Structures are given as structure tokens and as C-alpha cells.
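The values are calculated or read from the model by the stated rules, or taken from the named source; none is laboratory data. This is a predicted model, so every value here is computed, not measured. Using ideal geometry, Cβ is built from the backbone for each residue, glycine included, and neighbour counts are taken over all protein chains shown. Areas reflect the complete protein model, heavy atoms only, side chains present, ligands, DNA and RNA absent. Shrake-Rupley method; radii C 1.70, N 1.55, O 1.52, S 1.80 Å.
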Amino acid sequence: MSSTENLITSIQGLSASSGDLSALHRILKGAEETLRADSDLELSTLEQLDASKHSLGYLYLLDVLTCGPMSKEKALDVVLLISRFITSCDAKQILVSLCKRFKDRVLELEDPLRGVAPLLSAVRKVQVSSKRLTALHPDCLQLCLLAKCYKAGFSILSDDILEVDQPRDFYLYCYYGGIICIGQKKFQKALELLYNVVTAPMHSLNAIALEAYKKYVLVTLIHSGQFSVSLPKCASTAAQRHLKTWSLPYTEVGNCYNEGKISELQAVVVAHSSDFEKDNNLGLVKQAVSSLYKRNILRLTQKYLTLSLQDIANMVQLANAKEAEMHVLQMIQDGQIHALINQKDGMVRFLEDPEQYKTSEMIEVMDSVIQRTIMLSKNLIAMDESLSCDPLYLGKVGRERQRYDFGEDFDTVPQKFSM
């Protein structure tokens, strides 16, 4: 009997209890080098095992069989095998490295849609709690983005992430998530995720934060209708110093947008169109330009009760009354304004917000927001208590306090300034 056959027998016999699995793990670890050199080991060998019952052994053999370069035909078989394994195996035995290799093979086949469902399943199996970010979250969102499965990607963005192991995973999770929310026209959620990247702690500027900032500027214009030159105070020193320097075309768009002049904004967009196209942000820039028309119409509602469509077109620099009507109708549909259009004389009458915040639907919305706030507050208190008992944190705080503690009356003069 060959070494591979002996190993298959051990896997089949030692996959029942936790004690047997520990013994099997030791056997597999010891046989790893032998397996890599075994020419008899093929993908067909896995047919002797059940992925749901023999997950640990199946995983080891699969890992050996899928490492290194391979032909496109074999990659297709590997993707199918790993996909089946991810969906049916025991969650404790899924390794992140295997799922990442699966993602790489799917991308090699230029078929990201094939990997979306298996990686969504893997994320839920590997995730200890809904608050924890795994290394598979960014990979799953990347495949959803490439496959344009925005709804599937959005399904894992609804959780409030409070526990992160690797900063890079968090950067990519928020960056890919922000793009998915842009694709879904959920600009508020996109702004929240991109904000997390821009303000995340960093010692030096990284490419993910820079690309996130460019999109952050444009989404801010679309959603909020204004641009702030200064970054949020919680942003790192590296971000404060370098982000604006490396994204000058975007800050220029933001400054022109604030002035409210369409012609100047369009001139800036034309001047930097090659930069926007290179960054794959030209479509987003055009949406920002379109939102300036809406912002200017919104300003008119604060000054006038009634206006003709032609007056609106003239005031906001639209081509004709028909374009003005299209913009007003879209804003009414999106709930940005409340108005009535008289088709006979082409007049628009602006109305007050009819929402009285007394309906059962609005009460449910308010209640869900309150419950989420309460939950976040509890999580913050728990994190604060955990941090206040962390020996590493307390040690660092103690050292910092010793460096800057000059006594209660602050009379002590540092030695380098003493006469």
C-alpha cells in the first residue's frame, strides 16, 4: 500500500472526534513534505474523501494539489473543487490561505462571478462574530466589485465592524465597500466607508488611502453639496500633509463646486479629464457636476415659492426649460425637494416637507436608529473598559505621563532650558 493510500485510510478513520482530529493533524503535518513529492497524488484522489466529513484531511491534500503554477484546464477543475469544499466543509477547517488561492485562480480564469457565492459562504463560516473583520472580507468584496454583484457585496457591509486584525484588510474592506455603495447609489454609506479609510491611523501615506480620498471628495460633493478644504481633525499627520498634495485636480473640482459656477467647474473637468479617466473616476466626476445643478435648484427653493421652468433653467445655467423639468422631477422623485409642476403654464410651486414624523413607518426608522446607537454605545463602553485594563496600553500611557508630567504647579523647567 502506497503512502498516499495509507494517508487516505488515516483521514477516513480519524475524522470523527476532536481527539482523533488532533492525532490526524499531527499525521498530516508530518506527511506534508512526502505529499508534495508524491507523483501519485492527483485531483482524482480527493474523490475518495467526503469534504463535509473529512474536512481537515481534504484541506491538506487540496492545499498540496493547488500550490504552484498550473494550466488553465487544471485551474478550472481546481476552482470547482475548492468551490464545493468551501460550501460543504466544516467552518473550523477552512483556511484563509486556501480561500485566497481560490480567489487568485478565479481571477486567472477572468470569471469573478464564479467566486462570489463560495467566498460569501466562507466569510460567514470563518467570521467569529458579525463585529469581526476577517481577511476574506476584502477578497469577497473585490470579486463582487469585478463581477458587478453589488447587492451581494452590500449584504456584508451592513454589519458594524469593531474588531480588526490587519490594518490593510480594513483599508481594502472600506475602499471596496465604498465603491460598491457608489454603484448602489447609497452615497451616505459610501461616504462613511471612505471616511474610515481617509481618517484611519497611518505612519505614511498609502495608495489605498489616496484613491479613497479622491472618491471621498467626489462623493462628498454628490451627497452633501459642499467641499471642505481641511481634512477631518481625526485624520493622521501623514494624511493631513500629503493627501491634498497628491490629489490637486480633485481639490480644484471641490473649490470650483463651492463657488457654484457651472461653466468654471466644467472647464476644470475638461482640463483634468485625462487624470480622472486614468483614476477611473470620470463617471463619478460627471455625477458631481450634475449634482451642482441640483444644489443650485435646491438653493432656489429657499428664496422663491413659485418659478417658471425657464427661469430655473436660466438661473442654474441649464440649456432649456425641458432640462430644468427633468432635474426638478428627478429631485422630487429622490425626495430632495417637494414641488408641483403645472404643465400648462410651465410653473413650479415649491412646497414644505409634508413629513410630520408621526407615521408608523417613520417611528420604526427612528426606533431602529436609536437601537443601533444604543448598541454602538454599549460596544464603545466595553472597548473602553477592555483598553483600560490592557497592560500594554497602561504601560505606554505611564511612560508618556512620566515624560510630560512636570508636577502640579508646573514649576519644573526641562533640563535643556535651565540656566
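Within region 243-252, restricting attention to residues that are touching a residue at least 24 places away in the same chain (Cβ under 8 Å) and not aliphatic (A, V, I, L, M), which residue is surrounded by the fewest Cβ atoms within 10 Å (Cβ to Cβ)? Please lay out each step first, then the result.
Step one: list which residues in region 243-252 are touching a residue at least 24 places away in the same chain (Cβ under 8 Å), which gives 243, 246-247, 249-251.
Checking the rest, the ones that are also not aliphatic (A, V, I, L, M) come to 246-247, 249-251.
Values: TRP246: 13, SER247: 20, PRO249: 20, TYR250: 26, THR251: 17.
Per the stated criteria, the residue is TRP246.
Yes/no matrix, rows are residues, columns are (1) under 22 Å from the mean Cα position of the chain (by Cα); (2) within 27 Å of GLU32 (Cα to Cα):
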{"site": "GLU73", "(1), (2)": "no, yes"}
{"site": "THR87", "(1), (2)": "no, yes"}
{"site": "ARG105", "(1), (2)": "no, yes"}
{"site": "PRO112", "(1), (2)": "yes, no"}
{"site": "SER121", "(1), (2)": "yes, no"}
{"site": "VAL128", "(1), (2)": "yes, no"}
{"site": "LEU136", "(1), (2)": "yes, yes"}
{"site": "GLN142", "(1), (2)": "yes, no"}
{"site": "ALA152", "(1), (2)": "yes, no"}
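With respect to the conditions (1) open to solvent by 70 Å² or more (accessible area, probe 1.4 Å); (2) closer than 30 Å to SER129 by Cβ, SER388 lacks only one, and its number is (1). Tell me yes or no: at least one residue of region 115-127 is among the hydroxyl-bearing types (Ser, Thr, Tyr) and open to solvent by 40 Å² or more (accessible area, probe 1.4 Å). Checked region 115-127: no residue is among the hydroxyl-bearing types (Ser, Thr, Tyr) and open to solvent by 40 Å² or more (accessible area, probe 1.4 Å).
Can we say GLN240 is in a helix (DSSP H, G or I) and either modelled with pLDDT of 95 or more or open to solvent by 40 Å² or more (accessible area, probe 1.4 Å) (or both)? Quick ask: steps written out before the conclusion?
Numbers: in a helix (DSSP H, G or I): yes; either modelled with pLDDT of 95 or more or open to solvent by 40 Å² or more (accessible area, probe 1.4 Å) (or both): yes.
In short, yes.
Residue pairs whose Cβ atoms lie under 9 Å apart, separated by 6 or more positions or on different chains, with the first residue in region 305-324 and under 17 Å from LEU351 (Cα atoms) and the second crowded, with 16+ Cβ neighbours inside 10 Å and among the aromatic types (Phe, Trp, Tyr), are LEU305/PHE350; THR306/PHE350; LEU307/PHE350. Counting only residues that are touching a residue at least 24 places away in the same chain (Cβ under 8 Å), surrounded by 13 or more Cβ atoms within 10 Å (Cβ to Cβ) and either within 27 Å of the chain's Cα centre (by Cα) or in a helix (DSSP H, G or I) (or both), region 256-292 holds 15 of them. Kindly check whether there is at least one residue in region 83-97 that is open to solvent by less than 30 Å² (accessible area, probe 1.4 Å), in contact with a Phe, Trp or Tyr (Cβ under 9 Å, 6 or more places away or on another chain) and among the hydroxyl-bearing types (Ser, Thr, Tyr). Yes, some residue in region 83-97 is open to solvent by less than 30 Å² (accessible area, probe 1.4 Å), in contact with a Phe, Trp or Tyr (Cβ under 9 Å, 6 or more places away or on another chain) and among the hydroxyl-bearing types (Ser, Thr, Tyr).
So is PRO118 in contact (Cβ under 8 Å) with a residue 12 or more places away in the chain and within 13 Å of TYR176 (Cβ to Cβ) or not? No; evaluated as a whole, the condition is false for this residue.
With respect to VAL253, determine if the residue is closer than 21 Å to ILE161 by Cβ and aliphatic (A, V, I, L, M). Taking the combined requirement at face value, the residue does not satisfy it.
Among the residues of region 293-322, those that are open to solvent by less than 70 Å² (accessible area, probe 1.4 Å), out of contact with any Phe, Trp or Tyr (no Cβ under 6 Å at 6 or more places or on another chain) and closer than 27 Å to ASN255 by Cα comprise TYR293, LYS294, ARG295, ASN296, ILE297, LEU298, LEU300, ASP311, ILE312, ALA313, LEU318, ASN320.
The set of residues in region 128-140 being within 26 Å of THR373 (Cα to Cα), aliphatic (A, V, I, L, M) and buried (at least 18 other Cβ atoms within 10 Å of the Cβ) consists of LEU133 alone. Among the residues of region 323-340, those that are in contact with a helix residue (DSSP H, G or I) (Cβ under 9 Å, 6 or more places away or on another chain), surrounded by 15 or more Cβ atoms within 10 Å (Cβ to Cβ) and of a type outside the set (S, T, N, Q) comprise GLU323, ALA324, GLU325, HIS327, VAL328, MET331, ILE337, HIS338, ALA339.
Would you call LEU394 more than 29 Å from ALA288 (Cβ to Cβ) and touching a helix residue (DSSP H, G or I) at 6+ places or on another chain (Cβ under 8 Å)? If you could, list the steps in order and put the result at the bottom.
On the way: more than 29 Å from ALA288 (Cβ to Cβ): yes; touching a helix residue (DSSP H, G or I) at 6+ places or on another chain (Cβ under 8 Å): yes.
Taking the combined requirement at face value, the residue satisfies it.
With LYS378, LYS416 as the choices, which residue is assigned to a helix (DSSP H, G or I) and modelled with pLDDT under 60? Can you show your working first?
Details: LYS378 fails: modelled with pLDDT under 60.
Only one candidate qualifies: LYS416.
The residues in region 347-378 that are touching a strand residue (DSSP E or B) at 6+ places or on another chain (Cβ under 7 Å), touching a residue at least 40 places away in the same chain (Cβ under 8 Å) and open to solvent by less than 80 Å² (accessible area, probe 1.4 Å) can be counted, and the count is 3.
Looking at region 148-203, which of the residues that are open to solvent by 50 Å² or more (accessible area, probe 1.4 Å) and among the hydroxyl-bearing types (Ser, Thr, Tyr) is nearest to LEU243 (Cα to Cα)? Out of the qualifying residues, it is TYR195.
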